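Derivation of every value follows stated rules applied to the coordinates shown; laboratory data play no part. Being a predicted model, the structure only gives us computed values, none of them experimental. Don't worry about glycine lacking a Cβ; one is built from the backbone with ideal geometry, like all the others, and counts go over all protein chains shown.
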Amino acid sequence: MWAMAMKEFRQMRRDRRTLAMMILLPVLLLVVFGYAASFDVDQVKTVVVGPRAEQVAAALPERLDVVRVAPGEGRQDAVEALRDADAAVAVVTGDAGQPQVLVDGADLFSARSVVTELRGRPGLPTPEVLFNPGLETSAIMVPGLMGVVLVFVGTIATALGVVRERQSGTLEQLAVMPFKARDVLAGKLLPYLGVAVVDLAVIVAVGVLLFNVPFRGSPLVFALGAIEFLFVTVGIGVLISTVSETQGQAIQLAILTMLPQILLSGLIFPLQAMAPGVRWIGYLLPLTYFVQVARGVMVRGAPFEALLLPLGMLAVLGTAVFGLSIARFRRDLAPAGRDHGADAADVDQDQAASARAGAR
Amino acid sequence: MSPEGTSWGCRRLGVRYGATVALEEVSFEVAAGTVAAVVGGDGAGKTSLLRALAGTVRPAAGTVRRPDERRLGYVSAGPGIWTDLTVDENLSFSGRAYGLSAGELDRRVGGLLERTGLAGARDRLAGRLSGGMRQKLALAMAVAHEPDLLILDEPTTGVDPVSRAELWRLLAASAAGGAAVVVATTYLDEAERAATVLVLDRGRSLLAGTPDEVVAATPGLVVDAATRPDGIPSWRRGARWRAWSPDGSTPPGTGLATLDLEDAVIVAQLREDQRWAA
């Protein structure tokens, strides 16, 4: 038994990545998620519109963080502010009487806190919940979970697929075949992208038909966000594959990139409930922006213009991650065979032989 | 295939992995229609030389002459086959990668399956083939497009004697068809079948030439004995002993051995060890 334990300990000591995961990761996760794991939204972004906007804004409870007071605007503007995620609450005032309070049901935890507070106080207006009137958890979770599925397919499946070539020794075989690195990568990724698109369609259908998740916005905008997000996740997968020798290492790294995305993207815990020191991590994660696009399009029916920021961030992340992954993959695949000009050594490929091959 | 007189290889080739020198000043040539063997122990630089020839390793110095990548066939030291594809699918992928048309592919695959004895296993997953069958499949994939230069990294290591013979028959057939064949091997009886032999040791060229030239260049005397001779370097050959007498003397109880490539390579390595020790 001791011999077995010693052997295992020696192997564990040499597998530094696993050891780091076992020792450092729990501490890191505890600290990070300790600050992130909160459903309590203290401050809710609020717009106040209508003739008595300034007067009402001054009297609102502290929890409602007034970001815009617009006496010249009306209910339609307030609804649009909620739809475009400029605020989670809109107070619409009239010339007299109680103001209307509109709440964005897609911002579930903000909405719940406001609804609970207002309904508990006699004399205050009854809030009207838009987009997700029943404050159903599934309505906001399903669009976000689509992102998680795309992370699974995009990152894990891609990383495993590419590492499998390396581990089985066939990557070297591909390197000598007359392929360009971009052809190998594109050919390798196409099936995974295809499966991811099918997955996405199935999840949308299940979400809409089984969980009654609304789909109010443009399918094209949703598709654009999904494709951008897929590029980021697939890029992360390829990037992981370039630094992993085995499929086990690839899975470890994929989990390391997935956990923060699931917990810090606003999918489960609202971003505004996180401590600022942790929240900025969320703003670096692609899932954060996909969740905003998916919830925006499906639940609130947000138009393209209202989603420019998350769509733009996904484009930036996609370009950066995918570009880096292609560069690393190209370096792995073709160290000498494709780019002879820069070689220290002179590689003389027989052009006559090429011509003969072409003539056959 | 290459026209007669064409040759491929390298001159004064150097390969480095970081600070480690894998090859230094190695020159090597293989002519169309011939088989050249690269031999050497573990870490001698065989794989680095073959990779540099195939273009998967960037040379640090020297020149490499190889055909266009469409005219190159390569069997790596790993399996080099896709274990979750069938025999047919592997051959089809490889053929398509090298630009064979569907008709040409069908014709060549059929012939290759017959010659390699894999016709009965064409629908079997490559991962379920025996070691020898896997190597034959890898070789078939490398020759399906009839390359000008065929590079094989220890294709017979770990393969049973019958499959070894079949593999050599196949690569000899490629050479007979006009290809220049470079094969790395640790089996010196195989290397004796090659037209030329390059012996590597610690990344440097130790011996080069035809097997007869290499044997003829052995310095001193190699003797044969029933028991281990004292005082001179010796090694086992079957149930008997061989020993190297650098000064050409015949120790008592020994007789002159009929020298072969294995003896020649061992003597060359003993000399090199002495040189390094000095």
>> Can you classify the range A:44-130 as rounded, prolate or oblate using the Cα gyration tensor, where a ≥ b ≥ c are the square roots of its eigenvalues, rounded means a/c under 1.5, and otherwise it's prolate if a/b beats b/c and oblate if not?
In response: oblate
>> Going by amide H atoms built from the backbone, whose H comes under 5 Å of the H on B:VAL197, apart from near neighbours?
In response: B:ALA37, B:GLY209, B:THR210
> Considering the dipole of the protein assembly as shown built from charges on the beta carbon (Lys and Arg +1, Asp and Glu -1) around the Cα centre, which of A:PRO125, A:LEU230, B:PRO233 is farthest to its positive end?
Replying inline: B:PRO233
> Which loop-located GluC sites (Glu not before Pro) does the range A:22-119 contain, where loop means any DSSP state but H, G, I, E or B and the Cβ has at most 11 other Cβ atoms within 10 Å?
Replying inline: A:GLU62
>> Within 10 Å of each Cβ in B:52-65, how many Cβ atoms from other chains are there, averaged over the peptide?
In response: 6
> Say the dipole of the range A:137-333 comes from +1 at the beta carbon of Lys and Arg and -1 at that of Asp and Glu; which of A:LEU171, A:GLY154, A:LEU287 then lies farthest toward its positive end?
Replying inline: A:LEU287
> Reachable lysines from A:LYS180, Cα under 22 Å, same-chain residues fewer than 8 places away excluded?
Replying inline: A:LYS188
>> Net charge within 11 Å of B:ARG51 by Cβ-Cβ distance, Lys/Arg positive one each and Asp/Glu negative one each, not counting B:ARG51 itself?
In response: 0
> Where nothing but the Cβ of Lys and Arg (+1) and of Asp and Glu (-1) is charged, how large is the charge dipole of the range A:44-130 around its Cα centre, in debye to the nearest 20?
Replying inline: 300
> Which ordering of A:LEU82, A:LEU263, B:LEU49 is given by a fewest-first count of other beta-carbon atoms within 10 Å?
Replying inline: A:LEU263, A:LEU82, B:LEU49
>> At a threshold of 8 angstrom on Cα-Cα distance, excluding pairs fewer than six apart, so keeping six or more, what relative contact order does the range B:212-277 reach in percent?
In response: 37
>> Given a 10 angstrom Cα cut-off, can you work out which residue in A:MET274, A:MET177, A:MET141 is the most mobile in a GNM of chain A?
In response: A:MET177
>> Students often forget the sequence filter, so: which lysines lie under 22 Å Cα-Cα from B:LYS46 once same-chain residues fewer than 8 apart are removed?
In response: B:LYS136
> What is the spin-label model distance, in nm, from B:ASP42 to A:ILE251 if the labels are put 7 Å beyond Cα along the C-beta direction?
Replying inline: 2.9
>> Pick from A:ALA175, A:ALA157, A:ALA254 the residue whose mean-square fluctuation is largest in a GNM of chain A, springs joining Cα atoms under 10 Å.
In response: A:ALA175
>> To check you understand DSSP bridge types, tell me what percent of the beta bridges within the protein assembly as shown (both residues inside) are antiparallel, rounded to 5.
In response: 50
> Among B:LEU72, A:LEU220, A:LEU29, which comes first, second and so on when ranked by fewest other beta-carbon atoms within 10 Å?
Replying inline: A:LEU220, A:LEU29, B:LEU72
> In peptide B:9-16, how many Cβ atoms from other protein chains are near each Cβ within 10 Å, on average?
Replying inline: 2
>> Compute a Gaussian network model of chain B, connecting alpha carbons closer than 10 Å, and tell me which residue from B:GLY231, B:GLY255, B:GLY40 fluctuates the most.
In response: B:GLY231
> So what's the net charge close to B:VAL183: Lys and Arg +1, Asp and Glu -1, counting the other residues with Cβ under 9 Å from its Cβ?
Replying inline: -3
> Along the positive direction of the dipole of the range A:137-333 (beta-carbon charges: Lys, Arg +1; Asp, Glu -1; about the Cα centre), which of A:PRO270, A:ALA196, A:VAL184 reaches farthest?
Replying inline: A:PRO270
> What is the list of residues in the range A:33-54 whose amide nitrogen lies under 11 Å from a point 7 angstrom out from the Cα of A:GLU117, following Cα to Cβ?
Replying inline: A:41-46
> For the residues A:ARG279, A:ARG17, what sequence is obtained by ranking on other C-beta atoms within 10 Å, fewest first?
Replying inline: A:ARG17, A:ARG279
>> If each residue of separation counts as 0.36 nm, what is the full-extension length gain between B:ASP230 and B:GLU25 once their alpha-carbon separation is subtracted?
In response: 70.1 nm
> In percent, what relative contact order does chain B have, based on Cα pairs under 8 Å that are 6 or more apart in sequence?
Replying inline: 22
